Amino acid sequence: MTDDRTTTRTAGDAPVATAAGRDPAGREPPADRAGRRRRGVTERQRPLWLLIPGGTLMTLVIGIPLLLAFYISLIDLDQYTLRRWLEAPFIGLDNFAEAFESGLLHSVWISVSFSVIATVATVPLGVAAAVVTQNAYRGRGWVRAVFLIPYVLPSFVVASVWRTMLQPDGIVNATLTRAGVDGGLWLSGPRSYWTLILVEIWAAWPFIYLMALAGLQSVDSEVHEASAIDGADWWPKLRRVILPYVRGPVLLACLLATLNHINNFTLPYVLFGAPAPDDVNVMPMLVYVTSFQSLRFGLSAAMAVVSLVLIAIPLFVYLRAVRLDVHEEGGRK
Amino acid sequence: MGSRTLRAVVALAGATALTVALGACGGDDDGGGSGGGKTLNVLIGANTQYPQEQQDWQKSVSDKFKAQTGADVKWETFASANDELTKIQTSVVSGTGPDVYAIGTTLTPTAYSTRAFVTLGDEEWQKLGGKDKFVPSSLGISGPDAENQIGVPWVGRPFVMVYNTEMLKAAGIAKPATTWDELTQHAKQLTKGDQYGLAVAYKDNFDPWKFIWGMSVQAGNPIVDGKTARIADPAVSKAYQTYFGWLTKDKVVDPAAVGWTNSQAVAAFAKGKTGYFALTSALAAKSLDAGAVKGKWAFTLLPTVPPGATTRPANGVEAASILSGDNLLVADYSKNQDLAFQFVKLITDQEAQLDIYAKLGQLPANAAAAQTLLSDPRLGPVVEAQKKSVATPFTGAWADIQLALTNAVVQSIPDLSSGSISDAQIDSRLAAAQKTAQSSLDRAK
């Protein structure tokens, strides 16, 4: 049912025809009706036709390489077999077994924990920033623009600047030393894990901010008026009235942000180099080094497949959430 | 069987996708230009230090080649070793791509293991003007043995040491160190106040293994012995102890060096407050002349006597540097192989070799051209280092082995920073590296 509604709306440039196509009364001349039905069918299928270019491209760019990755994860493909890769020995799940033996679980743990911590930390920052820039005041536009700076900077630039600042004799440690604190190492050893989280938070919080701001702006002015009339204080108003509006977009943002964190390669690569310290050997780094430095394409494909499965879990939740949204919208309007 | 069918289907899908994708990326790889002339595709590394000069050099070579053969040269450049590797991989799979590759020496064994390049027999060497044309040491990493060479030496970038002439003079040091122990001793003498004896790039992703390999091979352990890795070995252990000891025990290196890459170490040395910088190449000359050390620096050979010794043991090798530079490889899928060899001959002849040195500072692999540079006093040690360069083991596993050697340093940096690393800690990291290296050697074909 929902699909029909969506279809009707998508093909909205000919609403009469669509409606007529469904009309059971059939008051028109038969020839006309036949013509309409034919047109109705093509129009109903129009979205599918429109999907063909995108679909073909997705099959070529995503679908086939994905299948290929699954296949490569099952063969012993390395520099020695690359040239005749079709004849590379089929070794079943051996690559997966080796992947788990060679530190994959450690990398999975680092990737997941780092991503979750980064997401959890960015939510209050993002929501607070959205609340702060919700009401109009002098200079608000300026503040909003500044908030977006970390988001628009390329990851490579962010990582390079932080790497420079966090050198053992960099500006951060120089400042700390002046304050009487020994800065120590930021880019090696156990603390590199927290450096990665810190820089990721710095670069990623505006995404939550944007989504939260979008949520806030969907709050009708009547709601504000009503809570003012009821004499609600700012905190109960924020907690009970405003935040529920923001919940949906922010949850969605959390899912997308977590996926982005897990997939982030540029940041750890530029910050720490390859080989990376064990404490920040996230999955994309492990796959990269295995593939492009050790040249074990089969093994790295197996790691990538495991990584994909891992990402598919929040992705699945995300897709379900999106479908629910459509239902709600469809029901509401 | 079932898995076979599945394999065939997936493989077919993959091959189709790759063909389409590579066709799209590869562009016009098919040679055959207009007017009866052909086009030769050449892949070389981009020179970020002298981009304009590189373009001028390319143009002059193209013009000469056109005049000589009537064919055009289409240049393609790569920015990093990884780009290069990716290009090799896609070309190897698709059987199309550049006709001639300039490949880094340490990457040559990897390229060899793909079996996608022409093996140079007598006939090919003849076309190039004979093997005698080249500096003998530069042929050391052209192939696993004299009968199976694929790499034609093109340019050399041997590693040397640079020292601050004024600081050494002030400390009463008459001539630079020739053994590692002497270097440590000098560095101690030079370290006082805000001065340090030695600059070392501990955080560099490529430097550390070169020290370890050098000290180890000088002590008689080439790290790879046939199909056996020898990383968990006293000579290697001693090398790491010395390398780390400069910072932790001898305290002759700026503590900030735990975060330095090679270029940061060059910059630190260029400030004029450091006695020696232990691993650099002739290409650093420009940066050095731009710093406070202008006119006060000189190149010298890296020590060739292993740590803890005053003379090299009988089985030790006088390795002043890894054999570093670029080889030229001709793709075996190339339809223009004759043309490719003519091109390789052209750019390895004396005239072109001196030209590339003049424009880009790359040392000639051509023996006659190298000889003429010996008269330059500043460059003498570099040419000497090239002659005394020793090839790293020729195995497809080498990329993994150097990664394992570097990783042992990367994981030790927190200990270095805290000021101490025990021999037991070093040995446990070497055991891990040994395991990785051995498993990689076991896979080598």
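Here, each number is a calculation from the coordinates, and none is a lab measurement. Bear in mind the structure is a predicted one, so any value in this text is a computation, not a measurement. Reconstructed Cβ throughout: ideal geometry from the backbone, glycine too, with neighbour counts over all protein chains shown.
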Looks like region A:104-332, by Cα gyration tensor root eigenvalues a ≥ b ≥ c and the a/c under 1.5 rounded cutoff (else prolate when a/b is bigger than b/c, oblate otherwise), is oblate
Local electrostatic count, A:G126, Cβ distance below 14 Å [Lys/Arg +1, Asp/Glu -1] | +1
Within a Cβ distance under 13 Å of B:K296, other residues only, what is the Lys/Arg minus Asp/Glu net charge?
-> +3
Of the options B:S334, B:L416, B:P377, report the single residue whose Cα projects farthest towards the positive end of the charge dipole of region B:305-445 (beta-carbon charges: Lys, Arg +1; Asp, Glu -1).
-> B:L416
Under 5 Å, built H, 5+ apart or other chain: amide partners of B:V224 | B:R230
Note, region A:270-280: 3J(HN,Hα) by Karplus (6.51, -1.76, 1.60, θ = phi - 60°), whole Hz, Gly/Pro = x, goes 6, 5, 10, x, 10, x, 7, x, 3, 6, 10
Ordered by fewest other Cβ atoms within 10 Å, a rough proxy for footprinting exposure, B:E84, B:E124 read B:E124, B:E84
The alpha-carbon center of region B:393-422 and that of region B:42-80 are separated, in whole Å, by 36 Å
What is the average number of partner chain Cβ atoms found within 10 Å of a Cβ in B:392-404?
-> 2
Karplus-derived 3J(HN,Hα) from phi for region B:80-92 (6.51 cos²θ - 1.76 cosθ + 1.60, θ = phi - 60°), whole Hz, x at Gly and Pro, runs 9, 4, 5, 4, 4, 4, 4, 5, 4, 4, 5, 5, 5
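So how strong a dipole does region B:77-235 carry about its Cα centre when Lys and Arg Cβ are +1 and Asp and Glu Cβ are -1, to the nearest 20 debye?
Working: 14 positive and 17 negative charges, 76 e Å.
My answer is approximately 360 debye.
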antiparallel share of DSSP beta bridges within chain B, to nearest 5, in %, is 60 percent
Taking the alpha-carbon centre of each part, the distance from region B:167-194 to region A:250-326 in Å is 49 Å
Highest GNM mean-square fluctuation, chain B, Cα pairs closer than 10 Å: which of B:T184, B:T348, B:T69?
-> B:T69
Provide the convex hull volume over Cα atoms per residue for region B:61-105, in Å³.
-> 92 Å³
Max mean-square fluctuation residue, GNM over chain B, Cα-Cα springs under 10 Å, options B:S142, B:S389, B:S80 = B:S80
Pick out which of B:G151, B:G37, B:G214 has the largest mean-square fluctuation in a Gaussian network model of chain B, springs linking Cα atoms closer than 10 Å.
-> B:G37
Summing +1 per Lys or Arg and -1 per Asp or Glu among the other residues with Cβ less than 13 Å from B:P136's Cβ gives +3
Post the alpha-carbon centroid distance, region B:348-383 to region A:61-75, in whole angstrom.
-> 48 Å
Residue (of B:I44, A:G103, A:P53) at the positive-pole extreme of the protein assembly as shown, dipole from beta-carbon charges | A:P53
